[in-house]
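Please treat every number below as a calculation from the coordinates, not as lab data. Every value quoted in this text rests on a predicted model; they were computed, and no experiment measured them. Here Cβ is always computed from backbone atoms with ideal geometry, including for glycine, and neighbour counts include all displayed protein chains.
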Amino acid sequence: MHPSPEMQREMLRQMNTIRRFEERATQDYLAGDIFGVVHSYIGEEAVAVGVCSALEDGDQIVSTHRGHGHCIAKGADLDRMMAELYGRETGYCKGKGGSMHIADFDIGMLGANGIVGGGIPIATGAGLAAQMDGKGRVAVSFFGDGASNAGSFHESLNIAATWKLPMLYVCENNRYAANTAAAATHAQEDVATRALGYDMPGVIVDGNDISAVYDAATTAVARARAGEGPTLIECKTYRWGRHTERPSQAEPRPANEVEEWKTRDPIPRLVEALKEQQGQLTDEEWEEMDREILARISSAVAYAKASAFPKPEAALDDVFSGEVA
Amino acid sequence: MHPSPEMQREMLRQMNTIRRFEERATQDYLAGDIFGVVHSYIGEEAVAVGVCSALEDGDQIVSTHRGHGHCIAKGADLDRMMAELYGRETGYCKGKGGSMHIADFDIGMLGANGIVGGGIPIATGAGLAAQMDGKGRVAVSFFGDGASNAGSFHESLNIAATWKLPMLYVCENNRYAANTAAAATHAQEDVATRALGYDMPGVIVDGNDISAVYDAATTAVARARAGEGPTLIECKTYRWGRHTERPSQAEPRPANEVEEWKTRDPIPRLVEALKEQQGQLTDEEWEEMDREILARISSAVAYAKASAFPKPEAALDDVFSGEVA
Amino acid sequence: MPKITYSDAGTAALAEEMRRDPTVFEFCTDATESLLDEFGPVRIRTTPITENTFTGMAVGAAGSGYRPVVNWRQVTFGFVAMDPIVNQACKIHYMFGGQQKFPITFRAAVGGGTKLAAQHSQSPYSMFMNLAGLKVILPSTPYDMKGLLKAAIRDDNPVMSFESNRLMGLEGEVPDEDYVVPIGKADIKREGIDITVVGIAWMVQEALAAAETMDKEGVSVEVVDPRTLAPMDGDTIRASVRKTGRLLVADEAGPTAGASAEIISLATEDPETFKAMKAPAHRVCALDTPIPYSPVLEDHVFPNRERIAEGIRAVLSAR
Amino acid sequence: MPKITYSDAGTAALAEEMRRDPTVFEFCTDATESLLDEFGPVRIRTTPITENTFTGMAVGAAGSGYRPVVNWRQVTFGFVAMDPIVNQACKIHYMFGGQQKFPITFRAAVGGGTKLAAQHSQSPYSMFMNLAGLKVILPSTPYDMKGLLKAAIRDDNPVMSFESNRLMGLEGEVPDEDYVVPIGKADIKREGIDITVVGIAWMVQEALAAAETMDKEGVSVEVVDPRTLAPMDGDTIRASVRKTGRLLVADEAGPTAGASAEIISLATEDPETFKAMKAPAHRVCALDTPIPYSPVLEDHVFPNRERIAEGIRAVLSAR
Ligand SMILES: Cc1ncc(C[n+]2csc(CCOP(=O)(O)OP(=O)(O)O)c2C)c(N)n1
Ligand SMILES: Cc1ncc(C[n+]2csc(CCOP(=O)(O)OP(=O)(O)O)c2C)c(N)n1
Ligand SMILES: [Mg+2]
Ligand SMILES: [Mg+2]
């Protein structure tokens, strides 16, 4: 299914929002306004946006340590995201979570996760809930090539396939797990091949081509909603930055490899595609969109800065949820 | 590779020793002389014996909760096995382990294991040690169809394939994990298919045909010793008894299924095969072999009964191994 | 009142809550027949042997509006599932700023006496007590089992229900009507004035037996059952110790950093209780070894009524 | 003597032992460059992200004659690997009747201060203290780090080496020569007569700072560092408490069933020490919450030198 021009423009807006958000988060992290760690999603925007564009509001996703892109693609509020990174009480998690733990249950974003592979069973549980609800919802598990080696991947895929859960397993294969090349840790290159062991479709797509991602996701969502079970979608992609934005973070990847992948930037690819479609995007419109997005990010930062830090004693709140006795 | 007649007779002796050992262990368990739990290997003898016949003395195996057959096939001493089941100080583990924890490191039997899937990484570690030693040893991981769904299976196979470890992964697919049918927990019937995801040979054999098992194991051992990496061998087999020998143990399997599998008994199959080979086995020889085995089992029981229980204070020994400071 | 076993009281609790609330369902590797018959395979969900994943799935299902009950059978098998417990379930409500509740009940049998050796005979409840965000219960009678487990299932938070292997066959009176035993409240199982014995699970029963013995020796023993290990009801324990002036803790687990150490600390840290103590507190626990198989060895490792009685005499003779 | 960091002292310990003994090798998901350069990828073995399996592999390799060092980096990731720790490594020597030794060192960073929120900021060492068959170390200085880690690698048993995130950059004098710090021996880091402060890891450093403050207030503080959490050196701790008559335990972990509870129990259970105690023991620990992200919240949760000093004043004013 090819996305309509309006949808493509919305995809472009979302991808560029992620790009600009990550640039700003990195900058403010290095300036000391954001704490802990930031894992940037730059370079992989087409995966989150392509998949989430194929979803409805009620559908659910579970993310990873590299979660900002998934949040934005699922429709999270930039103010509350930025406030969380800034550790403010107006943040999504009241300052308790930070970059690796943003969630918005109202929009079906069930949380980033600091444990590699830890989110896959959680997503599978959401998929089971969707099946039991019987309302046609689907659940999506995003995870990296590194996570595809973890036991939870195997256990979850087998369960989902056996029970025909309405699920998408989206492997963001960016060829590295932290400093370790996937080639050194995978018996074979394609994670999608593993789907065969579970009698599940395993699809490989160019993760930097948003139409291809959207297309594969749409097919998988339809299959899931029809009760035919899960699909594994492997998106071949690449992160532009190092594993984290820590100044001390190692960069073992060859410079030419990084440069080569930057030429496959999903954003200009979509810009060009839209421009080629008679009248769907002009340079001016694109520049204007980018300006709007930058302004939106600035206002999110302003919101965060204007928000108070939580009171120290708030650390004692939310350990437990209110009782039913 | 077809086993020689002498080897086939030895295989027959081992299979029948397992059969008679399990019969006696069950009987003595029900009589209250053996404690805890007993998982009988009856019906699956061709797997342990077929695989271990393809091994050399220095090779190592790691077993499961259903471990007596693997011990006997690897050459464990029946006296010390029976004494362990009887909880005596002369047992393999001085009475500390019991049925689920018999090991004999001297013969390369690295232990039974009460955790489903728990032994697979341990075997893989032995395989890594074998590779690092460089002496051409191989390591074998035995596990059930149930264990093939556990994360450790996936993680271990991927590592072994990536590092080309000298390993055999032997899945004893007896169609049930405790009371649960494999059909209800596996997305597809054949565990061997999962090998594809790791670019590893995945072989299916009739686990009740000892020549077939031996043949597959011999090929896999040669591959492992040649540095070409691991093989997954799925042996289709069946246990005759219930999951455990507890009188309260449920039996959800259809009676006709059990009966049908009993007609595929690996022991008479080998007896017949030997008889068909001119002069390799006569009915008298076979009866004599069985008598000898029964006598050997009786003497193991006598040994166990003549052995003392450990002193209560021995419970405090062996918590730690002697220090090197 | 009908008499049923500790084990059946657990099954009854789950069945009653499943009848009451359609969002309650169970993950297990081995279904209890009566539950499967009544509720069917969608709600009594037999899984592959994947404790890590079905425990993690419970987190996702809880976050999507369900109240899963995760049954590992033996706690041993739960060690495969520690990431979803330690890193996810008990932190997720807090980490996400309280935006979603995660009502999950984990059930796990603990303790020895089964001659199943070290892996299958474990009492590691103290490992879970230091995890903020997790409640931990451990009943000692059929009545408490049903009431606490029902409270756990209704609780909006992750609750670890440990259940004693030794007590599975114990019979006791259990009302047919709906009731809950509140989480976080200790129970005085026997009143006395000379020494407080805090017992855990099976050790409550053994302490009651030891109290009978001591009664004949003219010693009046108060037996306190914490019932909930986290949050622990320090008030009830301290009040008892202030009354008797002496404390013995009996636990089937080993002593080191155990529930027993926490109970001693809760008492002795409190200035008023400390002042009231006439003798040092004392632990009667399992020996500090893995659990061996052979009956003579296993019996030697575990505490029992005789060792509790000996311990009581020791505390009373200390001055 | 050269000054190096706590973190480098750990790397030096491993490098020295690898030079000394060809059976020592490391599993890690992320190799330390200097080690990889010196020893190559066969002995510094970068694994897929499979903590459960490479930890289990260590058990198999140890049983086959090697001395693996398993580096999880953060303890958080070790919760994926609890079966090979709890069910296998610490029980296997015993379960198999002592027929084989299993020398394995597990390395895991603990503690907060990193603003990485609940999952990445954990101090769960007490969870491992109740496991018979496992030794647990936790150094507070670069000197102890190198000496203890070398002792751990040479030990014929599984040893869990916890290492403090807060101390990674701490510099201290560390001999170039070979030495070990014995496992199971506490160290008196500062002598004093009015109160014993037992500190753990970072809290040793904070206790030393608090002792300086108290010195100005005319209070003489003894600081005891257990260094090994299991087996704990109760003798040294009790001797100190008998001398000072007062005990405060400072721990970056939460209190409940923690190492702090064990230390209090070891002291107060002993009749002679109990008799010598002039005031109740007192814990200064993290608040009982998961660890939050925002700096104001994180700082509020953890103990520090000021809270230790306050605690000392409280114990001294209790009578
Ligand atoms: C169980 C576990 N082990 C180790 C880590 C440390 N770690 C954080 S991210 C990461 C790499 C993840 O790689 P991948 O899954 O490919 O995701 P990517 O970062 O490439 O998006 C590692 C090893 C962790 N968070 N969890
Ligand atoms: C992690 C774990 N979960 C559950 C159990 C309980 N259990 C013991 S044996 C068994 C079935 C194992 O089935 P399979 O692997 O097929 O081996 P089989 O008994 O058929 O030989 C189960 C569920 C266990 N021992 N370990
Ligand atoms: Mg990656
Ligand atoms: Mg089976």
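Show that you can apply the helix-only estimate: for chain A, add -39,500 (n - 2.57) for every DSSP H stretch of four or more residues, divide by all residues, and state [θ] at 222 nm to the nearest 500.
Calculated from helices alone, the mean residue ellipticity at 222 nm is -13500 deg cm²/dmol.
Tell me, what does the Kirkwood hydrodynamic radius of region C:1-138 come to in angstroms if you use every pair of distinct C-alpha atoms? Can you show the working numbers first?
Numbers: mean 1/r = 0.0631 Å⁻¹.
Taking every pair of different Cα atoms in region C:1-138, averaging 1/r and inverting gives 15.9 Å.
For region A:5-307, what proportion of DSSP beta bridges, expressed in % and rounded to the nearest 5, is antiparallel?
Values: 3 of 24 bridges.
Given both bridge residues lie in region A:5-307, the antiparallel proportion sits at roughly 10 percent.
Can you tell me which of D:P124, D:P48, D:P303 moves the most in a GNM of chain D? Springs connect C-alpha atoms under 10 Å apart.
Of the options given, D:P48 has the highest mean-square fluctuation.
Pop a pseudo-label 7 angstrom from the Cα along the beta-carbon direction at both A:S4 and D:E217 and give the gap in nm to one decimal.
7.2
Give the lysines whose C-alpha is closer than 17 Å to that of D:K3, dropping any in the same chain fewer than 8 places away, or say none.
D:K146
If the viscosity is 1.567 mPa s and the temperature 4 °C, what translational diffusion coefficient in µm²/s does Stokes-Einstein give for the protein assembly as shown when Rh comes from Kirkwood over Cα pairs?
Values: Rh = 31.7 Å.
Taking Rh from Cα pairs, D becomes 41 µm²/s.
Need one number for region B:218-325: average projected area of the convex hull over its C-alpha atoms, nm². Numbers along the way, then the final one.
Details: hull surface 61.3 nm².
Taking the Cα atoms of region B:218-325, their convex hull projects to 15.3 nm² on average.
Could you pull the Rg and Dmax for chain D, using just the Cα atoms, both in Å?
19.5, 61
For D:I291, which sequence-distant residues (separation of 5 or more, or a different chain) have an amide H within less than 5 Å of its own amide H, given hydrogens modelled in the peptide plane?
Distant-sequence amide H within range of D:I291: D:A118.
Straight-line reach from B:K96: which lysines have Cα under 27 Å away, leaving out those fewer than 8 places along the same chain?
B:K74, B:K305, B:K311, C:K115, D:K91, D:K101, D:K135
Can you give the relative contact order of chain D as a percent, counting alpha carbon pairs under 8 Å and 6+ residues apart?
Numbers: 705 pairs, mean separation 52.9, N = 319.
17 percent.
Counting other beta carbons within 10 Å of each residue's own, what order do A:D145, B:D104, C:D83 fall into, fewest first?
Values: A:D145 25, B:D104 21, C:D83 29.
If I rank by nearby Cβ atoms, fewest first, I get B:D104, A:D145, C:D83.
Which percentage, to the nearest 5, of the DSSP beta bridges contained in region C:187-317 is antiparallel? Don't jump to the answer; show the numbers that get you there.
Values: 3 of 14 bridges.
Around 20 percent antiparallel, to the nearest 5.
Where in chain A are the DSSP H helices whose alpha-carbon span along the long axis reaches 20 Å or more and whose Kyte-Doolittle mean is at least -1.0? Display every interim value, and only then the final one.
Numbers: long enough: A:5-30 (37 Å, -1.38); A:119-133 (21 Å, 0.76); A:210-225 (22 Å, 0.48); A:283-306 (34 Å, -0.55).
Span-like helices in chain A: A:119-133, A:210-225, A:283-306.
Which cross-chain or sequence-distant (5 or more) residues have an amide H under 5 Å from the amide H of C:M160, H modelled 1.01 Å from N in plane?
Close amide H contacts, sequence-distant or interchain: C:F106, C:K135, C:V136, C:I137.
What residue among C:G218, C:G147, C:G192 shows peak mean-square fluctuation when chain C is described by a Gaussian network model with Cα springs under 10 Å?
C:G218
Order of C:M1, C:M95 from fewest to most other C-beta atoms within 10 Å?
Ranked by crowding around the Cβ, least crowded first: C:M1, C:M95.
Within the set of other residues whose C-beta is less than 10 Å from the C-beta of C:I44, count the net charge using Lys and Arg as +1 and Asp and Glu as -1.
Values: positive: C:R43, C:R45; negative: C:E26, C:E33, C:D37, C:E38.
Net of charged neighbours comes to -2.
Computed FRET efficiency, Cβ-Cβ of A:Q27 and A:T263, R0 25 Å: what is it to the nearest 0.05? Display every interim value, and only then the final one.
Working: r = 24 Å, r/R0 = 0.96.
Efficiency for this residue pair is about 0.55.
Out of A:Q249, A:Q131, A:Q14, any idea which swings most in a Gaussian network model of chain A, alpha carbons joined below 10 Å?
Largest GNM mean-square fluctuation: A:Q249.
Using the count of nearby Cβ atoms within 10 Å as a rough guide to exposure, how do D:E298, C:E177 rank from fewest to most? Intermediate values should be presented prior to the final figure.
Working: D:E298 26, C:E177 7.
So the ranking, lowest neighbour count to highest, is C:E177, D:E298.
Could you name the aspartates and glutamates whose alpha carbon sits less than 15 Å from that of B:K275, not counting residues in the same chain fewer than 8 places away?
Cross-link targets: B:E6, B:E10, B:D283, B:E284, B:E285, B:E287, B:E288.
Under a 5 Å amide H to amide H cut-off, with H placed in plane at 1.01 Å, what residues pair with C:A250 once short-range neighbours are removed?
For C:A250, the qualifying residues are C:V198, C:G199, C:I200, C:V284.
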